[in-house]
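The values are calculated or read from the model by the stated rules, or taken from the named source; none is laboratory data. Predicted, not measured: the structure shown is a model, and the values here were computed from it. Note that we place each Cβ from the backbone using ideal geometry, even for glycine, and neighbour counts take in every protein chain shown.
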Amino acid sequence: MEFLAAQQAVSSLDWTFYLPLGLLVAMIALGVPVWVSIGLGALGMLTLTETLPLSVFGEALFDGINAFALIAVPLFILTGDALVRSGLSDKLLDVAEATVGGLRTGLGNSTTLGCGFFACISGSDAAGAAAVGRMTIHRLVDRGYPLPAACALVASGACTGILIPPSIAYIVMGLVLGMSASTLFLAAAIPGVLMMMSVMLTNMLINRRYGYEAEKSPFSWRRWLSTVWDARWALFVPVVILGGIYSGIFTPTEAAAVAVVVVVIIGLLQKRLVLGDIPRMLESSARVCGVIVPIIAVSLPLAQTLSSLNIPQTLVGGVSAMTDSPTLIILMMIGILVLAGCVMETTPNIVILSPLLLPLAQQAGMNEFHFAILMVTTLGLGFITPPLGLNLFVVSGLTRCSVLAVARHAVPFVIGMLIVVLLVAFVPWLSTWAL
């Protein structure tokens, strides 16, 4: 019966659905800006299927981004930019090196931990790859890493940007699925740390095989305490953000606003920032937001159209017709998300796929928070997988190293991160412990 129902649902979809969908995919493949492709696809689907009034497009376009939670996106990006310009990001990297520099592959692990520190403030992968890459890639090469391997390590470590709270991806996820961003941040803490540890462990195994980094300096409590004290104001920022959110003093949006003010004040008092830097910071952050927010805006009417056409129900029925095994359903979802992450950025993937896949996840026995953490964790792989791996292009742009060369050296990190994805998928406690 389920198979027949699924077949009937699919057969009810005709060219009015498949034509705009095909054009959307073709435009993305041809390099048309993602927000343009999605917007034209949604507009074509609404016009041809007539499932909803065309006015829905304009209403969803503006109502969707008229959300208080979305204000956190430009504020966290601005915080990350201020952190770099004020030099506080250098202090965080110094703490990371003092903490794990005594281990084998100390500089490589320090780089990864530095990416994690930066993720606690900016919530952005690309920003972390750019900021940490500028400071560490040449040092990694001097230590013995081939340039593509150094770039791959930074690109992989920066994947924690959307996994370790506060994360822009979880803010968008909460907006789309009507979930608490604060609860998502708390639920994501363990998977985010596990992902960072997988990059460290993979780097240690690679070094044991190829011997890139043989030197290590002994750990010194005196050096560590001195470095932490020197970086006290830089460490104060993530404490304010995460402490305020988890204690309930701030919402994520309010925490982002407080973080901007704190970083700017610290930079001005330490004379690392001047008032003339603020307009440039605002301009730089606005450019990044100009990429993210239009994608969210045009994706919402597309998601409404797909929902009105019963696409989520059709997908659940089709998969249920093939298998009723929760394990196979989860593995199929992971496969879909890995492929989607390879060809499209995280934000449109969340806005488009999360409403489609959530019913499928619930069919497999997952709750919405477990599904949200699994989805963002899996999409994190897309930042270091061709053809659209954003972090690959960021580090390539910094060093002029071939994107494909960096991607080849990133393969072991992808495997290590995929193991964490499977752990998150099949050990629900890792995502639901805080609920």
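Values for this structure:
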{"item": "Which listed residue, of Gly192, Gly174, Gly128, Gly133, is of a type in the set (Gly, Ala, Ser) and surrounded by fewer than 24 Cβ atoms within 10 Å (Cβ to Cβ)", "result": "Gly174"}
{"item": "Residue, farthest from Leu184 (Cα to Cα), within the range 231-255, restricted to residues that are assigned to a helix (DSSP H, G or I) and free of Cβ contacts under 8 Å to residues at least 12 places away in the same chain", "result": "Arg232"}
{"item": "Enumeration of residues in the range 317-352 that are in contact (Cβ under 8 Å) with a residue 24 or more places away in the chain and small (Gly, Ala, Ser)", "result": "Gly317, Gly318, Ser320, Ala321, Ala340, Gly341"}
{"item": "Failed item, numbered, when Asp324 is tested on (1) touching an Asp or Glu at 6+ places or on another chain (Cβ under 9 Å); (2) of a type in the set (D, E, K, R); (3) in a helix (DSSP H, G or I)", "result": "(3)"}
{"item": "Any hit, the range 145-164, residues being outside any helix (DSSP H, G or I), out of contact with any strand residue (DSSP E or B) (no Cβ under 7 Å at 6 or more places or on another chain) and under 18 Å from Thr79 (Cα atoms)", "result": "yes"}
{"item": "Residue within the range 173-195 that is without any contact (Cβ under 8 Å) to a residue 24 or more places away in the chain and part of a helix (DSSP H, G or I) present", "result": "no"}
{"item": "Subset of the range 42-73 (residues that are surrounded by 16 or more Cβ atoms within 10 Å (Cβ to Cβ) and more than 21 Å from Val172 (Cα to Cα))", "result": "Leu43, Gly44, Met45, Leu46, Thr49, Thr51, Leu52"}
{"item": "The range 277-305 residues that are assigned to a helix (DSSP H, G or I), paired with ones that are aromatic (Phe, Trp, Tyr) (beta carbon under 6 Å, 6 or more apart)", "result": "Pro294/Trp35; Ile295/Trp35; Val298/Trp35; Pro301/Phe57"}
{"item": "Filter pass, Leu186 being of a type in the set (A, V, I, L, M), surrounded by fewer than 24 Cβ atoms within 10 Å (Cβ to Cβ) and under 22 Å from Thr399 (Cα atoms)", "result": "no"}
{"item": "Enumeration of residues in the range 347-364 that are within 20 Å of Ala126 (Cα to Cα) and either out of contact with any Leu (no Cβ under 8 Å at 6 or more places or on another chain) or in a loop (DSSP other than H, G, I, E, B) (or both)", "result": "Thr347, Pro348"}
{"item": "In the range 217-273, residue modelled with the lowest pLDDT [restricted to those that are more than 30 Å from Tyr170 (Cβ to Cβ) and of a type in the set (A, V, I, L, M, F, W, C)]", "result": "Phe219"}
{"item": "Within the range 365-435, helices (runs of 4 or more DSSP H) holding 1 or more residues that are surrounded by fewer than 21 Cβ atoms within 10 Å (Cβ to Cβ), touching a residue at least 40 places away in the same chain (Cβ under 8 Å) and of a type in the set (A, V, I, L, M, F, W, C)", "result": "390-399, 403-426"}
{"item": "Residues of the range 116-135 classified as more than 13 Å from the chain's Cα centre (by Cα) and either of a type in the set (Gly, Ala, Ser) or modelled with pLDDT of 85 or more (or both), total", "result": "3"}
{"item": "Any hit, the range 177-185, residues being on the phi > 0 side of the Ramachandran plot and either more than 23 Å from the chain's Cα centre (by Cα) or among the charged types (D, E, K, R) (or both)", "result": "no"}
{"item": "Selection status of Ser284, closer than 30 Å to Val56 by Cβ and not acidic (Asp, Glu)", "result": "no"}
{"item": "The range 3-17, subset assigned to a helix (DSSP H, G or I) and of a type in the set (Ser, Thr, Tyr), residue modelled with the lowest pLDDT", "result": "Ser11"}
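Matching residues to (1) over 21 Å from Asp81 (Cα atoms); (2) within 20 Å of the chain's Cα centre (by Cα):
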| position | (1), (2) |
| --- | --- |
| Val262 | no, no |
| Arg287 | no, yes |
| Pro312 | yes, no |
| Leu315 | yes, no |
| Leu328 | yes, no |
